[in-house]
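The structure appears right after this line, and notes come after that.
The values are calculated or read from the model by the stated rules, or taken from the named source; none is laboratory data. Since the model is a prediction, treat every value here as computed from it, not as a measurement. Ideal geometry is used to build each Cβ from the backbone, glycine not excepted, and the neighbour counts take in all protein chains shown. With ligands, DNA and RNA removed, areas are computed over all heavy atoms of the protein, side chains included. Shrake-Rupley method; radii C 1.70, N 1.55, O 1.52, S 1.80 Å.
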Amino acid sequence: MSRIFLTLTLLIASLASFSQNNAYQTTMSGLLLKMNAAKSIDMYTPVANGFERVANAEPKQWLPKYYAAFCYVMQAMMNPNKDQIDPIIDQAEKLLTDASAIANNDEILCLQALCKSARIGVNPMARGMKYGMESAKLLESAKALNPENPRIYLLQGQSAFYTPEAFGGGKAKAKPIFEQAIVKYAAFKPSDELAPNWGSEEATRMLEICNQ
């Protein structure tokens, strides 16, 4: 009798875990579709809120925090009001710090690097050197973990592109980096449907600009 009870208990626990995992997958997939379709600050807001709700419900998962942070970074980079950028990036960096406590990986480092780039936009002349160096360091750390991650090369290319030629940047400097990014994107296969897989179209667009 005790064996039957134990078997039933394990079966119920297993079914509950499966149901919870299935709900997580379904919710995350739906939010990713909305995130990928977002084209404005207002469109990113409910998606960021959705990811944060999942993050609160699933505290051991790093991806909801990562994607909520991604939404905030996109909002910051679209925001014409420079005074609002730092507070938005503060939110993103807090989420990424929490995510890195769960999983220390190259994807989180890439997004942390993008946060630094977003801060440069507030005042490029005053902030370019400080945050540019911090971003570069984070990308080198990401490359040490996974040199096949195409987002590393996309972000390095963007950094080179937006750095004035007088300081070693410009189209000619950025072009081969974007070409490398595109090669990496062609070979890249995400580990599953929820894994980060953004940036390919942007790499192609930036290379086209470099070729003009």
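Overview of results
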| read-out | value |
| --- | --- |
| With all protein chains modelled, accessible area of V54 [1.4 Å, Å²] | 20 |
| The chain: C-alpha pair distances exceeding 25 Å, % | 43 |
| Convex hull volume of the stretch 50-163 per residue (C-alpha atoms, cubic angstrom) | 94 |
| Length added when fully stretched, A57-A186, from 0.36 nm per residue minus Cα-Cα | 43.0 nm |
| Per-residue HN-Hα couplings for the stretch 189-198 [Karplus 6.51, -1.76, 1.60; θ = phi - 60°; Hz; x = Gly/Pro] | 10, x, 5, 7, 5, 9, 5, x, 8, 9 |
| Entries in K116/K143; K82/K143; K82/K137; K143/K173; K34/K184 that, when Cα-Cα distance is taken, lie over 23 Å | K82/K143; K82/K137; K34/K184 |
| With at most 13 neighbouring Cβ atoms within 10 Å, loop GluC sites (Glu not before Pro) (DSSP) excluded, longest segment of the chain | 1-147 |
| Anisotropy class of the stretch 19-98 from Cα gyration tensor, a/c 1.5 cut | oblate |
| Overall form of the stretch 104-212 per C-alpha gyration tensor (a/c, 1.5; a/b vs b/c) | oblate |
